């Protein structure tokens, strides 16, 4: 992936989340678990972004786990789906991308290529799920280093807050595709079960 091409989008996404976080009602929803925050409570960037990431992580990991291993090779064939990623490739792509978005300032293009190449070789559901969970652990560890002082400080890849926002929105795109794949195989996505 090219770092420079992502700069503008990551900065824009970060600004959107900063705007949302400045609203007291949205701030309360996005804050890390705490006892009923009151209006005006200051919440750290790390707590805010970890809460957002944790919500997306739960939905994404649960969806990835809901698909049986023999369907990880599924990709739609009816309609305009030529070249579409299989379900397993969607999961691997997000695991790979998480290292890019949440790799931190020391993460190089060489690191990105090495990680992508190692994840691309995975074939079993268990190995793909482990890579996905490991990528989320890395994402949380990187977000834990985010502070009010560095969240919007420009680095060669963008700002930490911008990269986090872009990474979370990227997951949402692929989660939506995975939901369609699950439903095409007669599986209700876990997040949609129980009257949600």
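Brief remarks follow.
- Of the helices (runs of 4 or more DSSP H) contained entirely in segment 1-119, those carrying at least 2 residues that are out of contact with any strand residue (DSSP E or B) (no Cβ under 8 Å at 6 or more places or on another chain), crowded, with 16+ Cβ neighbours inside 10 Å and at pLDDT below 90 fall at 7-21, 24-30.
- Scanning segment 180-191 for residues that are under 14 Å from residue 71 (Cβ atoms) and part of a helix (DSSP H, G or I) returns 180, 181, 182, 183, 184.
- Restricting 162, 158 to residues that are modelled with pLDDT under 95, under 13 Å from residue 104 (Cα atoms), in contact with a helix residue (DSSP H, G or I) (Cβ under 9 Å, 6 or more places away or on another chain) and buried (at least 23 other Cβ atoms within 10 Å of the Cβ) narrows the list to 158.
- Test: residue in segment 153-166 that is within 24 Å of residue 84 (Cβ to Cβ) and touching a residue at least 60 places away in the same chain (Cβ under 8 Å): yes
The values are calculated or read from the model by the stated rules, or taken from the named source; none is laboratory data. Please read all numbers here as calculations on a predicted model, not as lab measurements. Cβ atoms come from the backbone with ideal geometry, glycine included; neighbour counts cover every protein chain shown.
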